1. For Val592, state whether it is out of contact with any Lys or Arg (no Cβ under 7 Å at 6 or more places or on another chain), of a type in the set (A, V, I, L, M) and either surrounded by 12 or more Cβ atoms within 10 Å (Cβ to Cβ) or under 18 Å from Ile159 (Cα atoms) (or both).
2. Looking at the structure I just gave you, is Ala260 within 15 Å of Val229 (Cα to Cα), touching a residue at least 12 places away in the same chain (Cβ under 8 Å), open to solvent by less than 50 Å² (accessible area, probe 1.4 Å) and within 46 Å of the chain's Cα centre (by Cα)?
3. So Thr541 passes all but one of these: (1) part of a helix (DSSP H, G or I); (2) open to solvent by 50 Å² or more (accessible area, probe 1.4 Å). Which condition number does it fail?
4. Any idea how many residues of the stretch 360-395 are over 22 Å from the mean Cα position of the chain (by Cα), at pLDDT below 90 and open to solvent by 80 Å² or more (accessible area, probe 1.4 Å)?
5. Taking only pairs six or more apart or across chains, which ones have beta-carbon atoms under 9 Å, a first residue in the stretch 394-418 that is without any contact (Cβ under 8 Å) to a residue 24 or more places away in the chain and of a type outside the set (A, V, I, L, M, F, W, C), and a second residue that is open to solvent by 10 Å² or more (accessible area, probe 1.4 Å) and assigned to a helix (DSSP H, G or I)?
6. Say whether the condition of being in contact with a Lys or Arg (Cβ under 8 Å, 6 or more places away or on another chain), at pLDDT 95 or above and closer than 26 Å to Val332 by Cβ is met by at least one residue in the stretch 85-97.
7. Looking at the stretch 206-228, is at least one residue surrounded by fewer than 21 Cβ atoms within 10 Å (Cβ to Cβ) and within 23 Å of the chain's Cα centre (by Cα)?
8. Assuming Arg417 fulfils every condition listed in (1) at pLDDT below 95; (2) not in a strand (DSSP E or B) apart from one, which condition is it?
Amino acid sequence: MAGKTVKALVVVESPAKAKKIGEYLGKDYTVLASMGHVRDLPESAADIPADLKKEEWARLGVNVDQSFAPLYVVPKEKKKLVKELKDALKSAQELILATDEDREGESIGWHLAELLEPKVPVKRMTFSEITKEAIRKAISETRTLDRNLVEAQETRRVIDRLYGYRLSPLLWKKVAPRLSAGRVQSVAVRMLVARELERLAFRKGSYWDLKANLATSAGPKFDAQLSTVDGRRVASGKDFDESTGKLKADADVLLLDETAALALETRLRDADWSVSAVETRQQTRKPYAPFTTSTLQQEANRKLGMTARQTMQVAQRLYEDGLITYMRTDSVNLSQEALTSARRCVQERYGADYLSPEPRQYTNKTKNAQEAHEAIRPAGTEMKTADEHGLSGREADLYGMIWKRTVATQMAEARLRFQTVTIAADGVEFRATGRHVEFPGFFRAYVEGVDDPEAALDDQEAALPPINEGDNLACQSVEALAHETKPPARFTEATLVRELEAEGIGRPSTYATIIGTVQDRGYARKQGNQLVPTFTALAVTKLLEQYFPNLVDYGFTAKMEQDLDDIANGQAEKLPYLTSFYLGDTGLDSSVRNKEDSIDPREACTLTLSDNLPNVRVGKFGPYVETSDNGQPVTASIPDDIAPGDLTPDLTVKLIEQKKQGPQALGIEPDSGKSLYLLIGPYGPYLQLGEVVDGEPKPKRVSIPKNRDASTLTFEDALKYLELPRNLGAHPQTGHLVKAGIGMYGPYVLHEKTYKSLDKTDDILTIGLDRAVELLSQARVKVAQTPLKDLGEHPTLKGPVQIFEGRYGAYVKHGKVNATIPKEKEPTAITMEEAVQLIADRAAKGGGKKTARGRGAAATGAAKKKTTRKKATKKKPPAEE
């Protein structure tokens, strides 16, 4: 590469960008990829240079005594790349650093300049979209590296290292191995825990009201809800105190019980009904701001069911393919070019009536909003749709959402008419509300999703029939209804991202990583779309709140973000800030030193959740309840699927009783002559045929469905569970067999590799063919995943070699072998030669697909984890935000 002289060596972060930008710049430029970071703080003792291994501070990676000087090392896998870049630079007249336009990109650019030691001019090139026009403009408008941004990013990296490396080992000693603490991560966990404790403290309240179905003289029917009785407003959910389940002290309302509601129902059946008032009001809805990183993650989670991590992976590909602007941004600003393109698109596709009178711009309302980039929008000026780009799958879904949201910003406001009708009947008032979209405006293109599954979308039509004051109505039916108040909803990924951003905690570009880490470290698990904190999360949060309250305080953490922004803006200096954070009497280092010995591990792992619950302890093998019986301690494991907020006195009694009983011998299975036992495991009750004997195959086991009370299980039913799966008969459409069984996710029906879980009301032992066929018709047909890249036929083993995007990153697939692609590698840049080597290495390790983890695998997994933990203690924990 040291031959022909070129104008410049342009360094970007990924091969996909390098290829596209190289095409735009032509042969006068060499465009190469840095593959992200080229150097960083050491991750383990093996990374520390030999001459520094004896230095105590080197393990931390930051020399606190030397003005917090970071120790940067080039990872082994990057040394060859750095040499290639240096060689390429020898033939260049300039070095142009074209890394991403955010603070991290600025930092990567600085590291490249430091490592490559250029003897030619160094320029910084930034762009927010990868189009020919944008790239050519960017290379003509280069600047110097922004030292303030570099300082701010370095400070952030050092802070995160000090935070993680100082607190994580403390959690290992006091709570459990492999845990981690992080500047943003620990606050996010605290948010999840606080909401779970609110749910635990919640006491439900009960109330009754009435619903009437009424008809106008012209015939149309509508529903109305009870509002007042004899002039007093009827109680609703908002009138209850969540901590007592009773009415709030200042609630001047009438609380109906079942008897009163039924009596009122009877009284009203023969009453005269008439309209006493009609109130109409007009409202307009303005289009939502174009997407930022956080709002894109929220909306993709609500509408597409994508995690924050998946959203960013897909958005990265769209950006690198030149289809959208840079996807890590806090800005809601649209360039003049984008405004013109969007307005032209509205005019052409929807007509002049749907175009806003003037171009519409937006301003940020989020705390500490930064990064003066554009909002996320379709790249370029053509405003092509997903179909016109030939996109499919998740790329099409996400791009389509971005396109619609951008176009909607320049559309006319929607106009709605709301009606509230008051209806009188025998001293009682009912209310009916209606909504009518008089002009859809931007609704034609885009309607934002909602977090509350019971809430109506903005464009939903629910108009009342024509109705006027004084009209008589016919009562078709009136029905007394019982209600219970609901606990606060758990966070979803969308609502957690929204809360973090609203509090000014962390940066939107890191939210996907943070939420992933929270789950990977065992602080939360997914239940549907909810993030459910674990008992470990409660124990860690309790410890941090008790001994290091500032570090998980929302205001303190947001202030840290502001301080880092001040450094980025040149309004503050790095050294005084790091000194005040880490050193001195109140600094992190002395706080940990002074408090570590006073933290009792047993007390830290003991959770007193409420006065009517026994203590919960977080132990080596998971959480368990702890109580006493006649002065003797009694413990019982808490199954993994029980959330802290769902623990009740009745449930703890049941767990303890089951533990006391131990394995129950239900009888002798006639075919094998072995005893059939009922046991309780970490995933709930299950049956086991025979006993575990060393050197012999593991006994057959089958889970008991969650909708079946194990305490009422008969021996006959136990035998039926043991015989699963059942053959239900031939499918009426295909003639192929339909089966019913129990798997790791519970009871299911199966037909031609299509699985469908049973509803809670279905019984796996009695479900018939008709019901199974009905359930299977509701199943999602699994569509074959589209590969990121098809490399072609394997050179020796035959069969296609393809690259896919998985839950934990990209991988190469050949037959049944899946091989993970290293994170530093750009997936679409992998060659057939590299892929074949990855596949061979994986196959040599016994690598096919990872098997589903069941009870038998759980023990193996635990054993493996134990081995890993021993190794893990030899190195410091990774820095976590």
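1. Working: out of contact with any Lys or Arg (no Cβ under 7 Å at 6 or more places or on another chain): no; of a type in the set (A, V, I, L, M): yes; either surrounded by 12 or more Cβ atoms within 10 Å (Cβ to Cβ) or under 18 Å from Ile159 (Cα atoms) (or both): yes.
Judged against the criteria, Val592 is not a match.
2. yes
3. If we test Thr541 against (1) part of a helix (DSSP H, G or I); (2) open to solvent by 50 Å² or more (accessible area, probe 1.4 Å), just (2) comes out false.
4. Within the stretch 360-395, residues that are over 22 Å from the mean Cα position of the chain (by Cα), at pLDDT below 90 and open to solvent by 80 Å² or more (accessible area, probe 1.4 Å) number 3.
5. Pairs that qualify, where the first residue is without any contact (Cβ under 8 Å) to a residue 24 or more places away in the chain and of a type outside the set (A, V, I, L, M, F, W, C) and the partner is open to solvent by 10 Å² or more (accessible area, probe 1.4 Å) and assigned to a helix (DSSP H, G or I), are Gly400/Ala386; Gly400/Asp387.
6. no
7. No, the conditions are met nowhere in the stretch 206-228.
8. The one condition Arg417 does not meet is (2).
The values are calculated or read from the model by the stated rules, or taken from the named source; none is laboratory data. Small disclaimer: the values here were computed from a predicted structure and weren't measured. Here Cβ is always computed from backbone atoms with ideal geometry, including for glycine, and neighbour counts include all displayed protein chains. All accessible areas refer to the heavy atoms of the entire protein, side chains included, with ligands and DNA or RNA removed. Shrake-Rupley method; radii C 1.70, N 1.55, O 1.52, S 1.80 Å.
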